[in-house]
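The values are calculated or read from the model by the stated rules, or taken from the named source; none is laboratory data. Because the structure is predicted, anything quoted here is derived from the model rather than measured. Here the Cβ is made from the backbone with ideal geometry for all residues, glycine too, and neighbour counts use every protein chain on show. In case anyone asks, the SASA skips ligands and DNA or RNA and just uses the protein heavy atoms, side chains included. Shrake-Rupley method; radii C 1.70, N 1.55, O 1.52, S 1.80 Å.
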Amino acid sequence: LPVFNITTQRDIDDGSTQPAKFNYDDGNHKINGYIKIGIQGNSSKNYPKKNYKIKMYSDAQYKNKLKWRPQADWDKNFKYNLKANYIDPTQARNLVNAQLFKAAIASTPLQFSEQSNLYKAQGLSQMEGFPIILNLNGNFHGLYTFNTKKDDKPFGLNNEQVGNEAIEFDQDGFQPFAKPDNQIDGKAFATAINDRPTDLLSNNFKKFANFINQSSDDDFRNHLKDYIDVKSVINCYIWGNLSQMEDWDNKSLILLTWDNGTHWYLTMYDMDSTWGFFWDGTPTV
């Protein structure tokens with residue numbers, strides 16, 4: 001397996017993002033440099049074996065991004081995740097489920113023309129990765145997977161183009177649109193690509209939330225297609241139920257837009273709580 005070595009002076013599990021050195025060797029690539037590393041995830045932060053988010057640099061001053069392709073068909077990037085997959089002894093749920101859902105996306109026609117960049121994106125909005133051995137300061141730290149992360153390129157977005165954004169569902173519990181006053185404020189919903197939403201994006205999101213809450217049944221059936229790619233919603237509904245994904249209807253959902261929220265596309269991310277697993281890895285049956 002590829003080996004990822006990290007050398008750091010401090011405990012990488014102390015919760016803060018810190019500098020470190022790294023080297024990577026998969027038999028074809030030998031990459032050396034510097035990283036900024038921090039703990040990645042929400043509930044998974046409490047697990048004994050942590051996930052890590054990393055940013056790679058070629059210099060000790062962390063000024064020059066080290067962009068490269070860990071896999072031949074990946075886009076160059078300098079941001080990745082090292083996933084422990086603590087609740088999943090197969091180390092497979094996240095990545096295999098992502099490939100299955102990617103196949104559903106690839107076979108489903110898009111409703112709006114501006115969504116076409118999704119079909120050009122690496123992974124079609126889905127996580128990609130491969131297993132690695134992670135060593136920390138010369139000691140074996142475990143079997144991990146080296147994964148892409150929530151970023152503009154995997155989503156088919158461009159963070160330098162106004163109107164391109166991914167919206168995360170940050171609130172716990174079900175029915176995320178049950179409160180029409182919920183906003184993209186970093187609490188109920190949050191931007192994943194840019195630091196904050198544009199005013200136009202926020203207003204269009206409010207219109208969408210109000211429509212969901214206030215429209216009549218007939219109005220909803222007739223005009224939902226004016227706001228969101230309905231087939232993308234159907235894909236998420238079918239896959240979420242089929243795979244028994246615990247949080248498919250809230251925290252695993254991502255809304256994508258290329259036009260400041262005039263139209264939306266619904267996709268999913270983070271698929272480890274599936275096929276009989278609760279969020280903490282305990283069985284559902």
* **Within the range 238-263, tally of residues that are surrounded by fewer than 23 Cβ atoms within 10 Å (Cβ to Cβ) and outside any loop (DSSP other than H, G, I, E, B)** => 8
* To do: Quick one: which residue in Q91, Q99, Q71 is over 26 Å from L118 (Cα atoms), outside any strand (DSSP E or B) and polar (S, T, N, Q)?
  => Q91
* Please find, among I193, I133, the residue that is hydrophobic (A, V, I, L, M, F, W, C) and assigned to a loop (DSSP other than H, G, I, E, B). => I193
* Could you check, for the range 126-147, whether at least one of its residues is polar (S, T, N, Q), open to solvent by 10 Å² or more (accessible area, probe 1.4 Å) and touching a strand residue (DSSP E or B) at 6+ places or on another chain (Cβ under 7 Å)? => yes
* Asked: Is one or more of the residues making up the range 148-163 within 23 Å of K67 (Cβ to Cβ), part of a strand (DSSP E or B) and either open to solvent by 30 Å² or more (accessible area, probe 1.4 Å) or not charged (D, E, K, R) (or both)?
  -> no
* To do: Mind telling me which of the residues N213, N204 ends up being over 30 Å from Y80 (Cα atoms), of a type in the set (S, T, N, Q), in contact with a Pro (Cβ under 8 Å, 6 or more places away or on another chain) and not in a loop (DSSP other than H, G, I, E, B)?
  => N213
* Could you list all residues from the range 188-234 that are open to solvent by 30 Å² or more (accessible area, probe 1.4 Å) and charged (D, E, K, R)? => D195, R196, D199, K206, K207, D217, D218, D219, R221, K225, D226, K231
